[in-house]
Amino acid sequence: MATIPTKSFVELASSDFLGRFDTYADEAKRQFASKGKKVLKALAKEMRLPEGSYDIRWNPGGPAVSGDIILHGESIYVDLSQTCLGLDYGFMYRTCKGRKDYTGGTNRWAKWDVLLDLDGFAKKLVAIASPI
């Protein structure tokens, strides 16, 4: 079952909140960043990533974009952001080879609602990030 912060983030990320702020009033964007960081911290915990083995970063971008909230581990990279591809596209994740790898493996996309089952999504990420 999804926690309240996760559900709240998914509802915000799935909405057209970008249309609700401008360069002077970007409270929705700050909420997106704050809630998204909490979701990624919970995801890292579900993946059992040791403290210090990953970074959670926020790149606010400009006024016309949601910004990027990134979980960057030794073998996984998750980027929560609304893309120009539309709300239905969700967010991007991929494998990587260390925290200096910014291009990584093939981009994969997930719908926002997969975050409502953090345990299941964490298991999927661990499976794709584990060497065969």
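Please treat every number below as a calculation from the coordinates, not as lab data. No experiment lies behind these values; they were computed from the predicted model shown. So basically every Cβ, Gly included, is an ideal-geometry build from the backbone, and we count neighbours across all protein chains shown.
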Q: List, in order, the whole-Hz ³J(HN,Hα) value for each residue of the range 104-112 obtained from phi through the Karplus relation with A = 6.51, B = -1.76, C = 1.60 and θ = phi - 60°; use x for Gly and Pro.
A: x, x, 5, 5, 10, 10, 9, 5, 4
Q. If amide H atoms are built 1.01 Å from N in the plane of the peptide, which residues on other chains or at least 5 residues away come under 5 Å of the amide H of SER66?
A. GLN82
Q: May I ask you to compute the full-extension gain from TRP109 to GLN31, defined as 0.36 nm times their residue separation minus their alpha-carbon distance, rounded to one decimal in nm?
A: 25.8 nm
Q: Report ³J(HN,Hα) in whole Hz for each residue of the range 57-67, in order, from the Karplus equation J = 6.51 cos²θ - 1.76 cosθ + 1.60 where θ = phi - 60°; Gly and Pro get x.
A: 10, 10, 10, x, x, x, x, 9, 10, 6, x
Q) About its Cα centre, what dipole magnitude does the range 4-129 give when the only charges are +1 on Lys and Arg Cβ and -1 on Asp and Glu Cβ, stated in debye to the nearest 20? A) 360
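Using the structure shown, list the pairs from LYS7/LYS100; LYS37/LYS123; LYS29/LYS123 with a Cα-Cα distance above 25 Å, or answer none.
Too far apart for the 25 Å limit: LYS7/LYS100; LYS29/LYS123.
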Q: State the answer as a single residue: which of PRO63, GLY98, LEU40 lies farthest towards the positive end of the charge dipole of the range 4-129, with beta carbon charges of +1 for Lys and Arg and -1 for Asp and Glu, about the Cα centre.
A: GLY98
Q. What do you get for Rg/Rh of the range 4-129 when both radii come from the Cα atoms and Rh is the Kirkwood radius?
A. 0.95
